[in-house]
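Data block below; observations after.
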Amino acid sequence: MFELSWISHDDPLVRDVATLRHEVLMAPFGVSRDDNWGDDDPNSFHLVALQGDRVVGYSRLIRDSDSAQIRQVAVAFDLHGSGIGSALMAEMVRRALELGLAAVFLNARLTAVPFYERLGFTTVSESPFPYGRTGVLHVRMEYRPAPG
Ligand SMILES: CC(C)(COP(=O)(O)OP(=O)(O)OC[C@H]1O[C@@H](n2cnc3c(N)ncnc32)[C@H](O)[C@@H]1OP(=O)(O)O)[C@@H](O)C(=O)NCCC(=O)NCCS
């Protein structure tokens with residue numbers, strides 16, 4: 001089992017978050033560790049998945065004027081397929097709606113597109129583009145709740 005928790009940028013768990021982000025998102029592409037993720041950005045909200053005191057998942061919600069971006073969705077390799085990623089995403093979307101934001105978007109690695117599609121996101125960019133520190137191909141995806 002796991003639990004979700006919103007944490008602040010100066011929570012001690014952020015050190016473990018940095019390790020997870022590197023292991024899951026960067027190391028597989030040979031990108032060297034750099035923990036400068038701008039965690040103290042005042043518009044960023046940090047969500048962790050915990051198993052006991054182990055950080056097993058992470059994602060960030062970044063508030064814009066009327067929308068929110070989800071970034072850095074990462075689940076520990078040994079727990080892929082355990083429902084943690086889906087739970088992180090559901091909580092991110094719930095929080096965005098609670099903040100009154102009209103849409104949620106993200107840049108998805110091509111390998112993760114089916115995962116996001118299952119959660120109701122649709123691809124809105126015309127063609128894949130290299131993105132972020134890894135430069136791997138991404139597409140922009142959006143989730144817009146039905147009106148009412
Ligand atoms: C993508 C990721 C966040 C998904 O998290 P997860 O905890 O493994 O996902 P879940 O267990 O909630 O999966 C939900 C469903 O989506 C499926 N799924 C998960 N990742 C998938 C993928 N890459 N392609 C297709 N289906 C996928 C699962 O099989 C599961 O299906 P099921 O309900 O029939 O079993 C995780 O695999 C991960 O950290 N990947 C590496 C980093 C990454 O790509 N992050 C996204 C960057 S945009």
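Listing for the model above:
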{"item": "Stretchable slack from S127 to D10, in nm (0.36 nm times residue separation minus alpha-carbon distance)", "result": "38.4 nm"}
{"item": "Placed amide H near V56: partners under 5 Å, 5+ positions off or other chain", "result": "A49, L50, Q51"}
{"item": "Zone residues, region 34-51, relative to M1, backbone N less than 15 Å from point 7 Å out along Cα-to-Cβ", "result": "50-51"}
{"item": "For region 105-116, Karplus couplings with θ = phi - 60° (6.51, -1.76, 1.60), whole Hz, Gly/Pro x", "result": "10, 7, 9, 9, 4, 4, 5, 9, 4, x, 4, 6"}
{"item": "Protection proxy ranking of 31-38, 59-66, 1-8 - average other beta-carbon atoms within 10 Å, highest first", "result": "59-66, 1-8, 31-38"}
{"item": "Local net charge near V56, Cβ-Cβ under 13 Å (Lys/Arg +1, Asp/Glu -1)", "result": "-3"}
{"item": "Helix-only CD estimate at 222 nm, as mean residue ellipticity for the chain, using -39500 (n - 2.57) per DSSP H run (n ≥ 4)", "result": "-5500 deg cm²/dmol"}
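Every read-out reported here was derived from the displayed coordinates using simple, explicitly stated rules and does not represent laboratory data. Since this is a predicted model, take the numbers as computed values, not measurements. Backbone-built Cβ (ideal geometry, glycine too); neighbour counts: all protein chains shown.
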